[in-house]
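First comes the structure, then the notes that go with it.
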Amino acid sequence: MKTKLITGIIAMVLILAFTSCSGGNGNVSENNSTNNPNSGQSNSTHSSGASNNTLSLDSLKNMPDSSADLFSYVENDEGISITRIDVIGDVAVIPSKIDGKNVTAINNSNNHDIKAVVIPQDVKNIGETAFKGAQNLEIVCFKGNNVTTIQREAFMNCTKLITANLPDSITEIKEMAFSGCTNLKQIDFPNNLRTIFNGAFFQTVLETVILPNGVETIDTGVFAFCVNLKNCTIPESVKSISDDAFDKSSSLTIITPAGSYAESYAKGKGINVTNS
């Protein structure tokens, strides 16, 4: 009797283990099929069809546009402003033109499922809260060099965001633009950046920051609660840094030219400083 019982238990354990292993790789496709009323159609109808394992900035730049039918938009004097992204799948490649007009602004995405978004070359403005709370967004790829402003809270609380190739045309990163992006470890700051506004990178996990020459202002709480921030290179062009710009970023060393405003700021705040 005991032998039969033990044999039965072993068989049940083996069945459960086999079931768990065989089903472990299908979660994404099952979720997409369950949530997608048109799941019988091919993925190319809804997205570029890329697997998350292949996503990179280089590969994204070469992907074909998603269908224009999957975007809601408004027209204005400058062109098309996107107001909703209905792409189902990992990647949304925003078309460069819709109805023969250039796409020039992203006002809202209303999509929390996509893992990567490709911004077309003529876009000049990423609007307020455009991708706020897009909880699965990992990569933002800019194709062009025309965006001048990342507006307030544009990518706030995108908790899986890893990277964004910000174009050199950007001069302003507005309030809380990337705050709460708790996986954002590294970002290349645009060469023409001038002002970083309140809390723009609050509570991110940036480890190293290199600000380009030309930046003038680091506003309130920009790098506050960045507990992983070890080094911040600040150019001589910076003439204003808020008292709490680096609040609770306790492991920080500021790297800056001797005699610069940033050196004086660091010494006054008791922050480690190294001359570049």
Quiz item: To the nearest 20 debye, what charge dipole does the range 76-218 have about its Cα centre, counting +1 at the Cβ of each Lys and Arg and -1 at the Cβ of each Asp and Glu?
Solution: 100 debye
Quiz prompt | Selection from TYR73, ASN102, VAL147 lying farthest towards where the dipole of the range 51-179 points positive, charges on Cβ | solution = VAL147
Practice problem: Express the relative contact order of the range 51-179 as a whole percentage, based on alpha carbon pairs under 8 Å and six or more residues apart in sequence. | Solution: 19 percent
Self-check item: Per-pair calculated FRET efficiency, R0 = 45 Å: LYS185 and ASP86 via Cβ, rounded to 0.05
Solution: 0.90
Quiz item: Once the piece of chain linking ARG194 and THR129 is laid out straight, how much longer is it, given 0.36 nm per residue of separation minus the C-alpha distance between them?
Solution: 21.3 nm
Quiz prompt | SER59/THR171 FRET efficiency (R0 25 Å; Cβ-Cβ; nearest 0.05) | solution = 0.30
Quiz item: Taking the Cα centre of each part, how many Å lie between the range 216-276 and the range 115-161?
Solution: 26 Å
Exercise. Within the range 219-245, which residues have the backbone N less than 14 Å from the label spot 7 Å out from THR274 along Cα→beta-carbon, could you tell me?
Key: 230-234
Quiz prompt | Charge context of VAL117, other residues only, Cβ under 15 angstrom, K/R +1, D/E -1 | solution = +1
Quiz item: Where does the charge balance sit around THR220 when Lys and Arg score +1, Asp and Glu -1, over other residues with C-beta under 13 Å from its C-beta?
Solution: -4
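Since every read-out is calculated from the coordinates, none of them should be taken as a lab result. Because the structure is predicted, anything quoted here is derived from the model rather than measured. Cβ atoms come from the backbone with ideal geometry, glycine included; neighbour counts cover every protein chain shown.
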